[in-house]
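A.B. asks: Quick one: the structure is below, questions incoming.
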Amino acid sequence: MILSKGWNISNGLSTIQLTSLVIFFVLLVVLICSFLVIWTYKTMLKNYIDSYQEATLIVRNSVQVRLKRLFLTVVKNNQASSMEKRAVEIWKVRYKNIIQKDFYKEINNLDLFFKDVKFQKPNFKNLKRSAMIKKNLKEISRELYIMFKEMDKILETEFIQRDTRIQVREILNEIQKEALLKMRDKSIKFNHAILYEWIANINFAMTRIDNKIQLGMYGDSLIYQDKTNEQIIRLIRMLDLFETADKVLEKTLPNKIHTIKKQISETMFDLKEKTLNENKIQKYEDQFNYSKTVIQRSLADLDYSNAFIQLSEILETISDFETNIQFEEVMKMFVESELSNIHETFQTAKSDYENGLKAIKSNVKHNTTHDKQIEFENIGETLTKLQIKWTHFYENFTNYATYKKKVNYTILKNELIAILTPLSEVYKKMIMITRGLKNSNSALVQVENNLNSLKSILVQNENLCHKFRRISYFGNERKQNEIVLEKLLRVENQIHQVDFNFTEERIHIIKSQIDNLRSETISVKNQISNVIQQALIAESLIIYFDRFANRLNFENNFEEALRNYDNNNMVIVIDQMIKNIKQYQREKR
């Protein structure tokens, strides 16, 4: 009836209406109070649960165990410094104060909540008390964590040595497996007792290393570890030498001896030379058979040093003989095919000298000095002496070939070098002097400076390719660099011709060519720089990416990046690394 008529406030409220309002507000206050009580109790309960969990972590912390370890390795160890010993004593006092005073106090406060009803009442005082207990326990936990990390700095040497020992133990386990396979292989004959003793000594040394680390004697353990590593490396080489020796003694050297015999029989027609080399290879074959017996005996006794030395010596001896035989054949082919070309080169050199001398004498307008002429004439004397040497060499070799005499190709090579090297120097001097004929021409000087500048850049390009060859082969860039250099040399040869005149039209053409060469040179330089920069950026990103090694799919992404890097796909590597790094960083946040 009240709802249907509504409330007429202007005429005043009836008793029923006033009663309804009072009941409403009372219920509202009760509801709010109930909510606050429930929220307060819930928050208190959560704080106490968190406090209990934090207290459990504190009880289980490793600081006390670490203190005992430090007391053994530092306080009782005469090798430790006084500063380290003092630090351990301070940590011991700090830990005792934190646990006995602060921690036990908070544990007692926490215990009162479960025992005393008044601390379970949901009021502001108890709420504040629960929050304070939680805060204090977290602070204790933080202090213990900081103390634990500080202790790690002193024990860092121990951690490194323990990690090293674990890695060495893993390697030794693999070696023992391989040694067991060798002992089961009936085709490999050696003294098993010696190998057993060798491995047993290494295992004993590993146990001693553990003891030294346990006692905190890190210096002694490091010495033991180094000596043990030497023995393990020696054992690895010994086991590998079985396969290497078998391959060399049963396949490589017998095949070499057979090949050399066949080469001597098929390629040497001089009977005296053929007989001499056949006797040599027979001598080396007898030496090989003797060395083979010695090596197998040394392998049976696990005498690595003697077996390795004997194997290296016989392999080097036969390989050297094979090289000498091949060298003689190569030199013989070279001389027979290039003899006429070298003879023509001397004829060309003589002609070039005569033309150069004429140009110097007739080039009065360029103010050629008398000293230049004398210097050029001296080159003629050197050229004449080389011509005489060459004629003598040419006639002697022709006679040897005609009468099929034995030729010492090592001496032949040295004689050729003694003739051709000075001839090359003579050509260089001739070019330098004839180039200097027109240095008074300002246009020529400017062009030469521009060409030298471009040469310098091309050399820098080549040096960059060589310096960073580990990054890329630079095949395309080097080819472009060589093409530009060839163009530059053509221009250089053109302007140094004796009859070349610097007319306005020719100067314009040369400058245009140099401008084109400069653009191509800079382009090649930029390409090389881009390849280097991309590779360096890719390397930096790969190194940075390694810090996400514990993330999902890291191995797949890392291997894919390395494959692309090996294939010189640096842009793909950079894009992939940036994408993956951003993804992992977002996951971290």
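A.B. asks: With a Förster radius of 35 Å, plug the Cβ-Cβ distance of Cys33 and Gln53 into 1/(1 + (r/R0)^6) and report the FRET value to the nearest 0.05. Could you put the intermediate results ahead of the total?
C.D. replies: Numbers: r = 31 Å, r/R0 = 0.87.
Efficiency, from the Cβ-Cβ distance: 0.70.
A.B. asks: Return the aspartates and glutamates within reach of Lys479: Cα separation strictly under 16 angstrom, same-chain partners fewer than 8 residues apart disregarded; answer none if there are no such residues.
C.D. replies: Excluding near neighbours in sequence, the set is Glu462, Glu520.
A.B. asks: Answer with one residue from Gln494, Phe468, Phe548: the one whose Cα lies farthest towards the positive end of the charge dipole of the range 441-587, charges on Cβ with Lys, Arg +1 and Asp, Glu -1.
C.D. replies: Phe548
A.B. asks: Return one whole number: the accessible area per residue of the range 185-302 in Å², for a 1.4 Å probe. Walk me through the numbers before you get to the answer.
C.D. replies: Working: 7100 Å² over 118 residues.
Value for the range 185-302: 60 Å² per residue.
A.B. asks: Once Lys and Arg get +1 and Asp and Glu get -1 on their Cβ, which of Met217, Ala200, Asn277 lies farthest toward the positive end of the dipole of the range 185-302?
C.D. replies: Of the candidates, Asn277 comes out farthest on the positive side.
A.B. asks: Explain nothing, just the number: dipole magnitude of the range 441-587 about its Cα centre with +1 on each Lys and Arg Cβ and -1 on each Asp and Glu Cβ, in debye rounded to the nearest 20. List each step's numbers first, then the result.
C.D. replies: Numbers: 18 positive and 19 negative charges, 73 e Å.
Using only the charged Cβ atoms, the result is roughly 360 debye.
A.B. asks: Using a 1.4 angstrom probe on heavy atoms only, work out the carbon and sulfur share of the accessible area of the range 83-160 in %. All intermediate terms of the calculation are to be shown ahead of the outcome.
C.D. replies: On the way: 3030 of 5170 Å².
Here it works out to 59 percent.
A.B. asks: Ordering His258, His343 by how much accessible area each has at a 1.4 Å probe, largest first, what is the list? Please report the intermediate quantities before stating the final value.
C.D. replies: Values: His258 120, His343 60 Å².
Ranked from most to least accessible, the order is His258, His343.
A.B. asks: Next question, about the same structure. Using a 1.4 Å probe on the protein heavy atoms, what percent of the accessible area of the range 185-302 belongs to carbon and sulfur? Working shown, then result.
C.D. replies: Values: 3750 of 7100 Å².
After summing per-atom areas, the C and S share lands at 53 percent.
A.B. asks: With the cut-off at 18 Å, tell me which of the pairs Lys101/Lys135; Lys350/Lys385; Lys487/Lys511; Lys350/Lys428; Lys46/Lys101 have Cα atoms farther apart than that. Write down the numbers at each step before the final one.
C.D. replies: Numbers: Lys101/Lys135 16 Å; Lys350/Lys385 12 Å; Lys487/Lys511 13 Å; Lys350/Lys428 14 Å; Lys46/Lys101 24 Å.
Too far apart for the 18 Å limit: Lys46/Lys101.
A.B. asks: Which length gain, in nm to one decimal place, applies between Phe25 and Leu271 when the Cα-Cα distance is subtracted from 0.36 nm times their residue separation?
C.D. replies: Working: separation 246, 0.36 × 246 = 88.56 nm, distance 13.22 nm.
Length gained, Phe25 through Leu271: 75.3 nm.
A.B. asks: Could you pull the Cα extents of the range 441-587 along its three principal axes, largest to smallest, in whole Å?
C.D. replies: Cα extents, longest axis first: 74, 24, 16 Å.
A.B. asks: With every protein chain present, what is the per residue accessible area of the range 441-587 (1.4 Å probe, Å²)?
C.D. replies: Working: 8980 Å² over 147 residues.
Counting only protein heavy atoms, the per-residue value for the range 441-587 is 61 Å².
A.B. asks: Probe 1.4 Å, all protein chains in place: accessible area of Phe148 in Å², nearest 10?
C.D. replies: Looks like 50 Å² after rounding.
A.B. asks: Cα atoms only, the range 161-200: Rg and Dmax in Å?
C.D. replies: Here Rg and the maximum Cα pair distance are 12.4, 39 Å.
A.B. asks: Here is a follow-up. Which value, in Å² and to the nearest 10, is the accessible area of Phe468 when all protein chains are kept and the probe is 1.4 Å?
C.D. replies: Estimated to the nearest 10 Å², Phe468 gives 40 Å².
A.B. asks: Follow-up. Just subtract the alpha-carbon distance of Glu492 and Thr15 from 0.36 nm times their residue separation and send over the number in nm, one decimal.
C.D. replies: Working: separation 477, 0.36 × 477 = 171.72 nm, distance 12.09 nm.
Result for the pair: 159.6 nm of gain on full extension.
A.B. asks: To the nearest Å, what is the center-to-center distance of the range 547-575 and the range 86-154, using C-alpha atoms only?
C.D. replies: 47 Å
A.B. asks: Give the carbon-plus-sulfur fraction of the accessible surface of the range 441-587 in %, rounded to a whole number; probe 1.4 Å, heavy atoms of protein chains only. Intermediate values should be presented prior to the final figure.
C.D. replies: Values: 4370 of 8980 Å².
After summing per-atom areas, the C and S share lands at 49 percent.
The values are calculated or read from the model by the stated rules, or taken from the named source; none is laboratory data. Note that the structure is predicted; figures quoted are calculated from it, not measured. For neighbour counting, all protein chains shown are included, and Cβ atoms are generated from backbone atoms with ideal geometry for every residue, glycine included. For accessibility, only protein heavy atoms count, side chains too; no ligands or nucleic acids. Shrake-Rupley method; radii C 1.70, N 1.55, O 1.52, S 1.80 Å.
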